[in-house]
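What follows is a single structure, written as structure tokens, with notes after it.
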Amino acid sequence: MSTLLVALAAFVGFIVAYHTYGRWLAKRIFNLDAAAEVPSKQLRDDIDFVPTKREVIFGHHFTSIAGTGPIVGPAIAVFWGWLPALLWVVFGSIFIGAVHDFGALVVSLRNRGQTVGEVAGRLISPRAKILFLLVLFFSLTIVLAIFGLVIATIFKLYPESVLSVWIEIPIAVAIGFWVYKRGGGLLIPSILALVMMYAAVYIGAYYLPIQMTWSKNPVVVWTVILMAYCFVASVLPVWSLMQPRDYINSHQLVLALGLLILGLLVASATGKADLFASAPAFATNLPVDAPPIWPFLFITIACGAVSGFHCLVSSGTSSKQVESEADAQYVGYGAMLLEGALAVIVILACCAGVGMGEFQRVTDETTGIYSYEPVLIAESNSQLTGHAAWATRYDASKGWESFNNLGHMVGAFVDGGGNFLSTLGIPLKLSIGVMAVLVASFAATTLDTATRLQRYVVQELALSLRIYPLTNKYAATAFAVVLALAVAMTPGPLGRGYGGMILWPLFGATNQLLAGLTFTVTVLYLWRRGKPVLFAAIPMVLMLLMPAWAMLWNLFNAQSGWIGGDGREPNYLRVAFGLVILGLQAWMMLEVILVMPKVKGVLEDALPPLPAKKWKANSSA
């Protein structure tokens with residue numbers, strides 16, 4: 001029962017935190033006011049600014065921040081042991097991640113839906129705006145290249161997931177038109193859509209797995225298709241695709257989490273899943289080239305504990321759709337706690353779930369039909385389980401690169417979660433399909449949301465730098481997509497199409513530095529209003545120090561530093577990105593240090609008055 005008790009303790013902690021610490025932030029720090037005007041109503045255009053019911057915006061916000069971040073990070077970090085990963089997820093999400101997301105959402109809501117980069121220009125200095133936008137630009141370029149690779153890899157490894165992921169798109173468009181243009185209800189259609197998706201999972205697993213056997217590199221083909229989709233999805237009105245699809249995905253997550261927890265309960269009660277017997281609480285047999293747990297635990301697990309990318313969702317899309325300031329705690333603080341719960345499940349799946357047994361795909365060369373067969377212990381018919389199964393998946397002798405492999409680690413969650421579901425009587429093949437669809441769907445949500453956010457950033461930079469052609473939303477989106485595709489198509493460690501892997505080591509540090517910079521904006525916002533700031537200042541220092549430390553270690557450590565040495569060639573792309581990001585951070589912090597003594601209790605300049613409304617708003621989405 002140890003596995004279940006660990007999960008229950010974490011979930012109870014999240015619930016208590018929401019109703020205590022989250023409520024204190026909402027009432028005593030941010031003073032949320034249900035009567036306050038919000039950007040979705042002030043600037044409503046039914047494209048980006050759309051007043052939205054809190055259940056719907058919660059679904060969009062959660063699925064956008066989740067993606068594969070809380071899956072890949074914990075799946076890699078458990079090689080240090082499950083206990084450090086679990087503690088960072090639980091306490092990090094409560095006291096750092098949820099505060100970060102909540103603060104970014106509230107600050108944006110009170111600044112007409114501006115991104116944190118735009119707000120930084122008024123709270124700190126005009127130069128700070130440019131610096132922040134540049135950090136956002138580099139961060140999102142990395143996100144787009146990597147998440148496109150993740151989805152393409154899932155499609156290659158788990159062809160049973162392809163049909164369900166793509167069939168969701170026309171269903172979501174139909175629901176968007178039904179709800180927004182015809183005034184229909186949302187709940188029943190979204191549940192029916194979920195049923196159709198799972199029917200497609202069954203069809204994909206047993207009858208129509210979509211494999212690009214004709215292509216020598218299906219990852220390249222899928223990446224090009226995904227980027228083309230991102231362009232279309234990110235310029236459409238949010239109600240036409242993003243909102244309904246994210247709402248469907250939120251149902252999918254609730255159902256999948258429910259099945260995982262139920263499977264965990266059965267597996268734990270029957271003794272099939274045992275966290276303590278499967279994986280070490282603190283790992284000692286580490287690869288010789290592994291980075292140190294301090295500071296790398298804090299950048300390896302990002303989205304499950306705190307993630308700078310979330311500030312872009314909070315201030316880039318969600319703040320333009322929240323219909324009441326009173327919903328900010330539910331959306332900003334609550335969604336991050338749910339993501340923490342997902343990361344807990346990932347940790348348990350990658351440890352106790354993997355420990356239930358290793359298996360491999362076996363394909364009939366004549367028919368092309370595949371099945372999943374258990375990996376057996378040599379000279380025995382016994383299945384490889386327990387610590388032996390976990391140690392096989394997390395084999396220290398293969399070196400750090402085996403842990404830092406996106407496909408391999410996502411596979412740990414898919415396979416471990418599939419083991420949990422199989423205890424409910426769901427065939428393993430179908431269980432694997434359900435888990436693969438879950439991962440791919442959330443990664444796709446993050447991918448097109450990130451494209452829309454990059455469009456905002458490009459437009460803001462273009463306006464500030466007077467590059468007026470890129471202020472057009474189509475031109476800005478095309479620029480974002482083409483740049484991400486160019487990075488993705490750069491030959492990586494596994495060939496063309498794996499360029500995102502070159503930048504993968506930069507993702508964690510850059511992402512967490514962005515979180516630290518976002519905290520500086522929240523701190524300055526509260527500092528100018530004479531509000532307490534210590535609760536945000538401590539996480540700010542932590543999220544500036546840890547990723548900078550990790551970036552410097554990556555650049556200059558003697559064994560594998562990107563700067564080269566001892567006969568090693570420098571990795572010029574990583575060195576350039578790393579030094580630019582560190583330079584921008586240092587400059588940004590200098591701007592903050594110079595302005596803080598002058599602005600305590602002094603409000604920033606007010607935004608210019610809004611033009612008169614020319615039309616009457618419709619009912620909420």
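The values are calculated or read from the model by the stated rules, or taken from the named source; none is laboratory data. All values derive from a computational prediction rather than experimental measurement. Here the Cβ is made from the backbone with ideal geometry for all residues, glycine too, and neighbour counts use every protein chain on show.
Yes/no matrix, rows are residues, columns are (1) among the hydroxyl-bearing types (Ser, Thr, Tyr); (2) at pLDDT below 90; (3) more than 23 Å from the chain's Cα centre (by Cα):
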{"site": "ALA9", "(1), (2), (3)": "no, no, yes"}
{"site": "ALA26", "(1), (2), (3)": "no, no, yes"}
{"site": "GLU37", "(1), (2), (3)": "no, no, yes"}
{"site": "ARG54", "(1), (2), (3)": "no, no, no"}
{"site": "ILE65", "(1), (2), (3)": "no, yes, no"}
{"site": "GLY73", "(1), (2), (3)": "no, yes, no"}
{"site": "VAL78", "(1), (2), (3)": "no, no, no"}
{"site": "GLY81", "(1), (2), (3)": "no, no, no"}
{"site": "LEU87", "(1), (2), (3)": "no, no, no"}
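Before we move on, is GLN211 part of a loop (DSSP other than H, G, I, E, B), polar (S, T, N, Q) and within 29 Å of VAL195 (Cα to Cα)? So GLN211 fits the description; yes. Yes or no: PHE282 of a type in the set (A, V, I, L, M, F, W, C), assigned to a loop (DSSP other than H, G, I, E, B) and at pLDDT 90 or above? Taking the combined requirement at face value, the residue satisfies it. When GLN252 is tested against (1) touching a residue at least 12 places away in the same chain (Cβ under 8 Å); (2) surrounded by fewer than 17 Cβ atoms within 10 Å (Cβ to Cβ); (3) not acidic (Asp, Glu), just one condition goes unmet, and that condition is (2). Among the listed residues THR471, THR446, identify the single one that is β-branched (Val, Ile, Thr), more than 11 Å from ALA145 (Cβ to Cβ), touching a residue at least 12 places away in the same chain (Cβ under 8 Å) and touching a Gly at 6+ places or on another chain (Cβ under 6 Å). Selected residue: THR446, the only one of THR471, THR446 that is β-branched (Val, Ile, Thr), more than 11 Å from ALA145 (Cβ to Cβ), touching a residue at least 12 places away in the same chain (Cβ under 8 Å) and touching a Gly at 6+ places or on another chain (Cβ under 6 Å). Considering LEU470, LEU447, LEU465, the condition of being in contact with a Cys (Cβ under 9 Å, 6 or more places away or on another chain) and more than 17 Å from GLN114 (Cα to Cα) is satisfied by LEU447 alone. Of all residues in the range 465-489, those satisfying the criterion of being buried (at least 17 other Cβ atoms within 10 Å of the Cβ) and under 16 Å from THR223 (Cβ atoms) are ALA480, VAL481, LEU483, ALA484, LEU485, VAL487, ALA488, MET489.
Checking each residue in the range 16-34 for being among the aliphatic types (A, V, I, L, M) and touching a residue at least 60 places away in the same chain (Cβ under 8 Å) picks out ALA17, LEU25, ALA26, ILE29, LEU32, ALA34. Considering each residue of the range 81-88 in turn, at least one proves to be in a helix (DSSP H, G or I), touching a Pro at 6+ places or on another chain (Cβ under 7 Å), closer than 30 Å to MET435 by Cβ and aliphatic (A, V, I, L, M).
Screening SER190 with (1) at pLDDT below 90; (2) within 23 Å of GLN454 (Cβ to Cβ); (3) of a type in the set (Ser, Thr, Tyr) gives one miss only, at (2).
When we screen LEU348, LEU264, LEU338, LEU260 for residues that are surrounded by 19 or more Cβ atoms within 10 Å (Cβ to Cβ) and at pLDDT 95 or above, the only hit is LEU348. The single condition from (1) surrounded by fewer than 13 Cβ atoms within 10 Å (Cβ to Cβ); (2) part of a loop (DSSP other than H, G, I, E, B) that ARG28 fails is (2). Highlighted here are the helices (runs of 4 or more DSSP H) found entirely within the range 422-529 that include at least 3 residues which are at pLDDT below 85 and closer than 22 Å to VAL306 by Cα: 428-465, 500-528. Against the list (1) closer than 25 Å to LEU83 by Cα; (2) crowded, with 21+ Cβ neighbours inside 10 Å; (3) of a type in the set (S, T, N, Q), the condition SER2 fails is (2).
Among LEU136, LEU144, LEU131, LEU163, which is the only one that is modelled with pLDDT under 90, over 22 Å from the mean Cα position of the chain (by Cα), part of a helix (DSSP H, G or I) and surrounded by 23 or more Cβ atoms within 10 Å (Cβ to Cβ)? Just a single option satisfies the conditions, and that option is LEU131.
For the range 36-47, the condition of being at positive phi and surrounded by fewer than 19 Cβ atoms within 10 Å (Cβ to Cβ) holds for at least one residue.
Per the conditions (1) part of a helix (DSSP H, G or I); (2) under 32 Å from the mean Cα position of the chain (by Cα), the sole criterion not satisfied by VAL595 is (2). Among the residues of the range 27-48, those that are closer than 13 Å to SER324 by Cα and in contact with a Phe, Trp or Tyr (Cβ under 9 Å, 6 or more places away or on another chain) comprise PRO39, SER40, LYS41, GLN42. From the residues in the range 224-248 that are within 20 Å of ILE151 (Cα to Cα) and among the β-branched types (Val, Ile, Thr), which one is surrounded by the most Cβ atoms within 10 Å (Cβ to Cβ)? Here the residue is ILE248. Here is the figure for the range 449-468: residues that are under 30 Å from ALA199 (Cβ atoms) and either in contact with a Gly (Cβ under 7 Å, 6 or more places away or on another chain) or small (Gly, Ala, Ser) (or both) total 1.
Assess whether VAL50 counts as being touching a residue at least 40 places away in the same chain (Cβ under 8 Å), of a type in the set (Val, Ile, Thr) and outside any helix (DSSP H, G or I). It is true that VAL50 is touching a residue at least 40 places away in the same chain (Cβ under 8 Å), of a type in the set (Val, Ile, Thr) and outside any helix (DSSP H, G or I).
Given the condition under 24 Å from SER441 (Cβ atoms) and surrounded by fewer than 24 Cβ atoms within 10 Å (Cβ to Cβ), answer yes or no: does some residue in the range 103-120 qualify? Checked the range 103-120: no residue is under 24 Å from SER441 (Cβ atoms) and surrounded by fewer than 24 Cβ atoms within 10 Å (Cβ to Cβ).
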